[in-house]
1. Here are the criteria: (1) more than 22 Å from I3 (Cβ to Cβ); (2) part of a loop (DSSP other than H, G, I, E, B). Tell me which single one D42 does not satisfy.
2. Being small (G, A, S) and either touching a Ser or Thr at 6+ places or on another chain (Cβ under 6 Å) or in a loop (DSSP other than H, G, I, E, B) (or both) narrows it down to one residue among A32, A72, A25; which is it?
3. Pairs please, first residue from the range 28-51 and touching a residue at least 12 places away in the same chain (Cβ under 8 Å), second anywhere and among the aromatic types (F, W, Y), Cβ atoms under 6 Å, 6+ apart in sequence or on different chains.
4. Within the range 70-104, how many residues turn out to be open to solvent by less than 100 Å² (accessible area, probe 1.4 Å), free of Cβ contacts under 8 Å to residues at least 12 places away in the same chain and hydroxyl-bearing (S, T, Y)?
Amino acid sequence: DGIGQLWLAEWRRRIPDSQRTDNAAIDELGRALGAHFAAFRDRTLRDGWPLRRALQARLSLLFRRAVIDPSAAFIFLALAALDLERLRGEILRRVVFPGMPLAS
């Protein structure tokens, strides 16, 4: 679906033939991110934070399973992106609403 699928297809195409194996962790990462992005397309969605927490829990599980697999690096990057997104949101919230308490 869209740019995400194109990016994933191109990324897989660039993997050298000698390194191409069945990588279940990368496939599971792709499915988790795809489901997350699809959920965010729902026009009735009011609060995305529960979806982000669910994705973080799923990625943490995948990371623990893939510790010695090269895919762990990509899972870690997805976890770091979620942390940066949360940090960016908190900074923005503090700028716009300086008197509000910290987010939970």
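The values are calculated or read from the model by the stated rules, or taken from the named source; none is laboratory data. These figures come from a predicted structure and were not determined experimentally. Cβ coordinates were reconstructed from backbone atoms using ideal geometry, including for glycine residues, and neighbour counts include every protein chain displayed. For accessibility, only protein heavy atoms count, side chains too; no ligands or nucleic acids. Shrake-Rupley method; radii C 1.70, N 1.55, O 1.52, S 1.80 Å.
1. Checking D42 against (1) more than 22 Å from I3 (Cβ to Cβ); (2) part of a loop (DSSP other than H, G, I, E, B), the one that fails is (1).
2. The match here is A25.
3. none
4. Residues in the range 70-104 being open to solvent by less than 100 Å² (accessible area, probe 1.4 Å), free of Cβ contacts under 8 Å to residues at least 12 places away in the same chain and hydroxyl-bearing (S, T, Y): 0 in total.
Per-residue answers, yes or no, for (1) among the aliphatic types (A, V, I, L, M); (2) open to solvent by 50 Å² or more (accessible area, probe 1.4 Å); (3) modelled with pLDDT of 85 or more:
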{"position": "D1", "(1), (2), (3)": "no, yes, no"}
{"position": "G4", "(1), (2), (3)": "no, no, no"}
{"position": "W7", "(1), (2), (3)": "no, yes, no"}
{"position": "R14", "(1), (2), (3)": "no, yes, no"}
{"position": "S18", "(1), (2), (3)": "no, yes, no"}
{"position": "T21", "(1), (2), (3)": "no, yes, no"}
{"position": "A24", "(1), (2), (3)": "yes, yes, no"}
{"position": "A32", "(1), (2), (3)": "yes, no, yes"}
{"position": "R43", "(1), (2), (3)": "no, yes, yes"}
